[in-house]
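Every number in this text was worked out from the coordinates using simple rules, so none of it is lab data. Quick caveat: nothing in here was measured; it's all calculated off a predicted structure. Here the Cβ positions follow ideal geometry from the backbone for every residue, glycine too, while neighbour counts run over all protein chains shown.
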Amino acid sequence: MYDVIIIGGGPAGLTAATYAQRAGKSSLVIEKNGFGGQISWSPKVENFPGFVSISGSELGDRFLEQAMEQGAEVELDEVTAIEDGEIKKVKCLSGAEFEAKAVIIATGAKPRMLGLPHEDELVGSGVGFCAVCDGAFYKGKAVAVNGGGNSALQDAILLSETCSRVYLIHRRDSFRGEAKLVDVLSKKSNVEFVMNASIEALEGENELTGVVVTGGRRIALDGLFVAIGHEPDNGAFSGLIELDDKGYSASDERCLTRTAGIFTAGDCRRKAVRQVTTAVADGATAALAACSYIDSL
Ligand code: NAP
């Protein structure tokens, strides 16, 4: 049995593991995709204190290395349920089951989809969510990025370095992301801003060939990167924690949910600012609260 099981191996979860270990508690981090979390897909992070500039994947690797150096154990598996009790049972897709005195849910968020017909079939065949991972396949080709946040702006900058043409399609007339990134893009001759436009249709049978945007304009494309934000992934825990109307977990300032011994940290949690800095802060808070809870048992 572990003292703490942490579900999710992003910045929040790995920081929680580091703090739990340093408080003398054993910890297991269970991650379903890849350790490091969403930030691993950011080509450059320039707002994490202590690093003037670092790639997201290197930052994610460092979080993992630090937690493991402190003695945290890690597993690649998907948690499908938590059975509550003084000892919590954490059940995984593989059939594995783990026990702990406290659980920290740090499941982050998954990319939001457009919700258009044929989108599912075109994912991986022209439609993608990660320019860092798949951008190289579109060298010399025409691509679009949809969204107006930092992810979309960063994706567009990255793609503009190798693609012949990059359309940045955004539903409003101004961007949510940083002005500095918008400035970089506005100076690129192969980038076109398509503003006040939503994608209304995806074209192509087995491969994406283009999109139709608001007003009926058709844009021929080889690739489309959807970067319209993220949604929490808390569904499996809805019986034990309170979720708001968007699916984010409710907790108090100690990151405690409505169930004793179950804490929540990072982007999956209801809060005002979702950044790596706030995720690591949650991780520390949740871990220390979990340690106090264990000591009180
Ligand atoms: P975000 O900031 O929530 O931006 C999502 C964008 O998608 C917004 O522009 C939004 O439009 C648009 N959008 C949402 N739903 C849509 C829909 N159904 N159809 C069309 N457009 C839609 O998400 P993000 O860019 O993924 O960033 C998430 C967080 O991570 C942010 O806090 C961001 O600053 C941070 N981040 C940081 C870094 C970094 O520091 N290196 C890199 C990437 C992301 P509206 O603006 O009209 O709402």
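Please indicate, with yes or no, whether at least one residue in the range 183-198 is small (G, A, S), touching a Leu at 6+ places or on another chain (Cβ under 6 Å) and within 16 Å of G147 (Cβ to Cβ). No: the range 183-198 contains no residue that is small (G, A, S), touching a Leu at 6+ places or on another chain (Cβ under 6 Å) and within 16 Å of G147 (Cβ to Cβ). Of all the residues in the range 159-169, those that are more than 11 Å from the ligand (Cβ to nearest atom) and either without any contact (Cβ under 8 Å) to a residue 24 or more places away in the chain or crowded, with 20+ Cβ neighbours inside 10 Å (or both) number 6. Against the list (1) in a strand (DSSP E or B); (2) more than 26 Å from G37 (Cα to Cα); (3) within 16 Å of the ligand (Cβ to nearest atom), the condition R172 fails is (1). Scanning the range 92-105 for residues that are assigned to a helix (DSSP H, G or I) and away from the ligand (no atom under 16 Å from the Cβ) turns up nothing. Considering the range 15-38, and only residues there that are of a type in the set (A, V, I, L, M) and touching a Gly at 6+ places or on another chain (Cβ under 7 Å), the residue that is surrounded by the fewest Cβ atoms within 10 Å (Cβ to Cβ) turns out to be V29.
When V90, V132 are screened for being surrounded by fewer than 20 Cβ atoms within 10 Å (Cβ to Cβ), touching a residue at least 40 places away in the same chain (Cβ under 8 Å) and β-branched (V, I, T), only V132 passes.
Consider the range 115-129 and keep the residues that are out of contact with any strand residue (DSSP E or B) (no Cβ under 6 Å at 6 or more places or on another chain) and assigned to a loop (DSSP other than H, G, I, E, B). The one that is surrounded by the most Cβ atoms within 10 Å (Cβ to Cβ) is S125. E78 - would you say it is under 22 Å from the mean Cα position of the chain (by Cα), closer than 30 Å to N146 by Cα and free of Cβ contacts under 8 Å to residues at least 60 places away in the same chain? Answer is yes for this residue.
For the range 241-265, the tally of residues that are closer than 20 Å to A23 by Cα and among the small types (G, A, S) stands at 3. From the set of residues in the range 238-256 that are buried (at least 24 other Cβ atoms within 10 Å of the Cβ) and out of contact with any Pro (no Cβ under 8 Å at 6 or more places or on another chain), which is farthest from I39 (Cα to Cα)? Residue satisfying both the conditions and the ranking: S251. Reported count of residues in the range 141-156, each being surrounded by fewer than 24 Cβ atoms within 10 Å (Cβ to Cβ) and closer than 10 Å to E178 by Cα, is 2.
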